[in-house]
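Written below as structure tokens is the structure these notes are about.
The values are calculated or read from the model by the stated rules, or taken from the named source; none is laboratory data. Remember, it's a predicted structure, so these values are computed and weren't measured experimentally. A quick note on method: Cβ atoms are made from the backbone with ideal geometry, for glycine too, and the neighbour counts reach across all protein chains shown.
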Amino acid sequence: MLDWPGRLATTVFIAGCDLRCPFCQNPDLVVARDCDSQTLSELFSHLYNRRDWIDGLVVTGGEPTTDPNLLGFLEAVHETGVEIKLDTNGNNPDALSRVLDSGLVSYVAMDIKATYENYSEATGGRGSWQRADRSIRLIRESGLEYEFRTTVYPRFVSRTDLPRIAESIQGARMYALQQFRPQKTLASDASGVKPMNPDQLVECASACSRYLPTITRGV
Ligand code: SF4
């Protein structure tokens, strides 16, 4: 009930990622590689058996666009009649473009990790801001429902950064500020970082609302 706004969804996590965000809260998925066919078979049974009351499938990760079989997988899910939401880090605009053009996905959520100055450090990927920027434009021009979102990891995203990010996507459909949870992180020292005070996060959302509708999550 949380992964797709307003919908009841099943969520599938695709292993593997092309970034290394120190604050990543799914570190096991970032380095994992294998997914056995038994698991896929169970997933499709689950979808067929529940397709009358599940609204959709959320495909998240890791980073789904790193999987070379993503389009085939999405086609197979589409055939079940279940709608698809894709979560992406926007680091592979070519693969994202193919997904957007396929007509298989109904909703896209893309992470914006930081302002452009901090992007490489926040993602561990050189040139990641340029790729993210291109993906932002592709998503905005796609005609699909979408949202942008930022996990507020205070070491890379400050209270003044958030309205700047919002301004950079001014007029977009929706922006979500997600509270950082330090319990389990990719970089061990990230788990010692204190999350932003909830009141301050709400204030930041209010400041971002000058540019586009903004909500908070996990506060
Ligand atoms: S938070 Fe970063 S490292 Fe973790 S899955 Fe998302 S893009 Fe990959």
- Item | Per-region count, the range 172-188, residues surrounded by fewer than 17 Cβ atoms within 10 Å (Cβ to Cβ) and either among the aliphatic types (A, V, I, L, M) or part of a strand (DSSP E or B) (or both) | 3
- Of the conditions (1) of a type outside the set (Val, Ile, Thr); (2) within 14 Å of the ligand (Cβ to nearest atom); (3) touching a residue at least 40 places away in the same chain (Cβ under 8 Å), residue 28 fails just one. Which one is it? (3)
- Kindly indicate whether residue 8 is at pLDDT 90 or above and more than 16 Å from the ligand (Cβ to nearest atom). yes
- Among the candidates 132, 166, residue that is in a helix (DSSP H, G or I), at pLDDT 95 or above, crowded, with 19+ Cβ neighbours inside 10 Å and in contact with a Ser or Thr (Cβ under 7 Å, 6 or more places away or on another chain): 166
- Task: Kindly indicate whether any position in the range 206-218 is without any contact (Cβ under 8 Å) to a residue 12 or more places away in the chain and farther than 28 Å from residue 143 by Cα.
- Result: no
- Task: All but one of (1) touching a Pro at 6+ places or on another chain (Cβ under 7 Å); (2) without any contact (Cβ under 8 Å) to a residue 12 or more places away in the chain; (3) among the basic types (Lys, Arg) hold for residue 126, so report the exception by its number.
- Result: (1)
- Message: Need pairs with beta-carbon distance below 8 Å; first residue assigned to a strand (DSSP E or B) and within the range 146-161, second within 13 Å of the ligand (Cβ to nearest atom) and among the aromatic types (Phe, Trp, Tyr); sequence gap 6+ or separate chains.
- Response: 151/23; 151/180; 152/180
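Condition check: under 30 Å from residue 180 (Cα atoms), free of Cβ contacts under 8 Å to residues at least 12 places away in the same chain and of a type in the set (Ser, Thr, Tyr). Does residue 10 satisfy that?
Values: under 30 Å from residue 180 (Cα atoms): yes; free of Cβ contacts under 8 Å to residues at least 12 places away in the same chain: no; of a type in the set (Ser, Thr, Tyr): yes.
Taking the combined requirement at face value, the residue does not satisfy it.
Evaluate the following for residue 43: is it surrounded by 12 or more Cβ atoms within 10 Å (Cβ to Cβ), away from the ligand (no atom under 11 Å from the Cβ) and part of a strand (DSSP E or B)?
Numbers: surrounded by 12 or more Cβ atoms within 10 Å (Cβ to Cβ): yes; away from the ligand (no atom under 11 Å from the Cβ): yes; part of a strand (DSSP E or B): no.
No, not satisfied.
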- Message: Considering only the range 75-83, I want to know if a residue exists there that is assigned to a helix (DSSP H, G or I), under 26 Å from residue 135 (Cα atoms) and among the small types (Gly, Ala, Ser).
- Response: yes
